[in-house]
1. Of the numbered conditions (1) under 16 Å from Cys85 (Cβ atoms); (2) surrounded by 13 or more Cβ atoms within 10 Å (Cβ to Cβ); (3) β-branched (Val, Ile, Thr), Val71 fails exactly one; give the number of that condition.
2. With the structure loaded, tell me whether Tyr37 is aromatic (Phe, Trp, Tyr), in contact (Cβ under 8 Å) with a residue 40 or more places away in the chain and out of contact with any Lys or Arg (no Cβ under 7 Å at 6 or more places or on another chain) or whether it fails that test.
3. Looking at the stretch 58-68 only, could you name the residues that are open to solvent by 100 Å² or more (accessible area, probe 1.4 Å) and either among the aliphatic types (A, V, I, L, M) or in a helix (DSSP H, G or I) (or both)?
4. Of all residues in the stretch 1-57, which are open to solvent by 100 Å² or more (accessible area, probe 1.4 Å), part of a loop (DSSP other than H, G, I, E, B) and closer than 19 Å to Thr91 by Cα?
5. Quick one: count up the residues across the stretch 74-93 that are open to solvent by 70 Å² or more (accessible area, probe 1.4 Å), over 17 Å from Val23 (Cβ atoms) and either of a type in the set (S, T, N, Q) or in contact with a helix residue (DSSP H, G or I) (Cβ under 6 Å, 6 or more places away or on another chain) (or both).
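The values are calculated or read from the model by the stated rules, or taken from the named source; none is laboratory data. The structure presented is a predicted model; accordingly, all values stated were derived computationally and were not measured. Glycine gets a Cβ as well: all are built from the backbone with ideal geometry, and neighbour counts include every protein chain shown. Ligands, DNA and RNA are excluded from the accessible area calculation, which covers all protein heavy atoms including side chains. Shrake-Rupley method; radii C 1.70, N 1.55, O 1.52, S 1.80 Å.
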Amino acid sequence: KMMRQWQQWSSTTIPSLIEPYLVYRRLSRNFQDVVDYELPQCNCQLSRRLKVLCIQFNGLKTVDLMVCPCVPAAVQLLRMGFFPCALLGPTLA
């Protein structure tokens, strides 16, 4: 199971996060500024609510996401400046 998870991270998840990471880095002026991110609206039949605890330098923040295959949690979190701690359904970032 661990090998499949590593393969998923290395072949799918990490490559899908490169562009959002570079965009966030540019918009935040290399992490100097906070970037406002508007949560996407998806009316997909597969969307579900996900609560994620995000660790910041000055404290904790809880974020409610609507996730689905169209807008995965990992991409949404990275666009807000957080990195997910789990591949699917992260509860910590």
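1. (1)
2. Values: aromatic (Phe, Trp, Tyr): yes; in contact (Cβ under 8 Å) with a residue 40 or more places away in the chain: yes; out of contact with any Lys or Arg (no Cβ under 7 Å at 6 or more places or on another chain): no.
Judged against the criteria, Tyr37 is not a match.
3. In the first step, residues of the stretch 58-68 are kept if they are open to solvent by 100 Å² or more (accessible area, probe 1.4 Å); the result is 58, 60.
Scanning the stretch 58-68 gives a single hit, Leu60.
4. Passing the criteria: Leu46, Phe57.
5. First pass over the stretch 74-93, keeping only residues open to solvent by 70 Å² or more (accessible area, probe 1.4 Å): 79, 83, 85, 88, 91.
Retained after the next criterion (residues that are over 17 Å from Val23 (Cβ atoms)): 85, 88, 91.
Still in the running and either of a type in the set (S, T, N, Q) or in contact with a helix residue (DSSP H, G or I) (Cβ under 6 Å, 6 or more places away or on another chain) (or both): 91.
Here the count works out to 1.
Okay, residues lined up against (1) within 10 Å of the chain's Cα centre (by Cα); (2) over 24 Å from Thr12 (Cα atoms):
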| residue | (1), (2) |
| --- | --- |
| Asn30 | no, yes |
| Val35 | no, yes |
| Cys44 | no, no |
| Leu50 | no, no |
| Leu53 | no, no |
| Leu60 | no, yes |
| Pro69 | no, no |
| Ala74 | yes, no |
